[in-house]
Amino acid sequence: MKRLMLIGRTFSGKTTLCQFLNHEAIRYHKTQTIQIVDKRMIDTPGEYLEQRHFRGALSVTSTQADVIGLVQDAAEKGTMFPPSFSSMFALPVIGIITKTDLADTASIVQAESYLRMAGVSKIFVTSSYCGEGFEPLKAYLGYDE
C-alpha cells in the first residue's frame with residue numbers, strides 16, 4: 001500500500017478524494033494544516049501550492065509519502081501547477097483529475113494537458129460525486145477493499 005500525498009489548489013477536491021477513498025460521508029471540510037488521513041494519505045492545504053513561500057513545506061512533507069498526487073479540478077479554467085512542477089519531488093508523481101461530473105470532455109482533456117505539462121505521465125480521471133474512476137487509482141495505490 002502506497003502513502004499518497006495530495007497537492008492541489010483550494011477547492012480542487014483533495015479532501016473529498018480522501019473522504020471517498022476512506023468510505024466516509026462526503027462533506028465539505030477546509031484543510032487548514034497538513035493532515036494524515038487513515039495513515040495512507042496526506043492531505044495538504046491548497047494554499048501550500050498557491051503561495052510560493054509555502055512550497056518548501058510540500059517538499060519536506062513529501063519525504064513521508066510514497067507517491068505524490070497532483071489534483072486538478074476538471075472544471076477549473078487554468079492551473080496552479082507550473083511546467084515541470086513534478087520534478088521537485090524525488091518520488092513518482094501521478095495526476096488525478098477530479099469533478100469530472102461538472103465538466104465537458106474538452107475541459108477534461110485540458111485538465112489532462114495541464115497535468116502533463118506539470119510532468120505527470122500517469123493520470124486518473126475521477127468523480128467523487130458519481131463514484132467513477134477510482135478502481136484504477138485504488139489498484140495503483142494498493143488500496144484493496
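The values are calculated or read from the model by the stated rules, or taken from the named source; none is laboratory data. Here the structure is a predicted model, which is why all the values come from computation and not from measurement. When we count neighbours, we look across all protein chains shown, and the Cβ atoms used for this are built from the backbone with ideal geometry, even at glycine. For accessibility, only protein heavy atoms count, side chains too; no ligands or nucleic acids. Shrake-Rupley method; radii C 1.70, N 1.55, O 1.52, S 1.80 Å.
So the values come out like this:
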item: Any hit, segment 22-31, residues being under 17 Å from Leu141 (Cα atoms) and open to solvent by less than 60 Å² (accessible area, probe 1.4 Å); result: yes
item: Residue check, Gly46 at negative phi and either at pLDDT 95 or above or more than 14 Å from the chain's Cα centre (by Cα) (or both); result: no
item: Residues within segment 52-70 that are surrounded by 11 or more Cβ atoms within 10 Å (Cβ to Cβ), without any contact (Cβ under 8 Å) to a residue 40 or more places away in the chain and not aromatic (Phe, Trp, Tyr), tallied; result: 4
item: Pair list, Cβ < 9 Å and 6+ apart or interchain, from segment 101-112 residues that are within 13 Å of Glu76 (Cβ to Cβ) to residues that are aromatic (Phe, Trp, Tyr); result: Leu102/Tyr129
item: Residues of segment 38-68 satisfying the condition of being of a type in the set (A, V, I, L, M, F, W, C) and under 22 Å from Asn22 (Cα atoms); result: Met41, Ile42, Ala65, Val67, Ile68
item: Helices (runs of 4 or more DSSP H) fully within segment 50-145 counting 2 or more residues that are in contact with a Lys or Arg (Cβ under 9 Å, 6 or more places away or on another chain); result: 105-117, 134-141
item: Single condition Lys39 does not satisfy, out of (1) over 23 Å from Pro136 (Cα atoms); (2) out of contact with any helix residue (DSSP H, G or I) (no Cβ under 8 Å at 6 or more places or on another chain); (3) not small (Gly, Ala, Ser); result: (1)
item: Criterion (β-branched (Val, Ile, Thr) and either over 12 Å from the mean Cα position of the chain (by Cα) or over 20 Å from Cys18 (Cα atoms) (or both)) met by exactly one of Val125, Val109, Val71; result: Val109
item: The lone exception for Thr10 - which of (1) of a type in the set (Ser, Thr, Tyr); (2) in contact with a Leu (Cβ under 6 Å, 6 or more places away or on another chain); (3) not in a helix (DSSP H, G or I) it fails; result: (2)
item: Count of segment 113-136 residues which are at negative phi, in contact (Cβ under 8 Å) with a residue 60 or more places away in the chain and of a type outside the set (S, T, N, Q); result: 2
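Here is a yes/no grid of residues against (1) open to solvent by 70 Å² or more (accessible area, probe 1.4 Å); (2) within 16 Å of Gly8 (Cα to Cα):
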| position | (1), (2) |
| --- | --- |
| Gln72 | no, yes |
| Gly78 | no, yes |
| Met117 | yes, yes |
| Ser121 | yes, no |
| Glu132 | yes, no |
| Leu137 | no, no |
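For every residue, the table says whether it meets (1) under 25 Å from Arg27 (Cα atoms); (2) open to solvent by less than 20 Å² (accessible area, probe 1.4 Å).
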| position | (1), (2) |
| --- | --- |
| Ser84 | no, no |
| Ala90 | no, no |
| Asp101 | yes, no |
| Val109 | no, no |
| Ser113 | no, no |
| Val125 | yes, no |
| Leu141 | yes, yes |
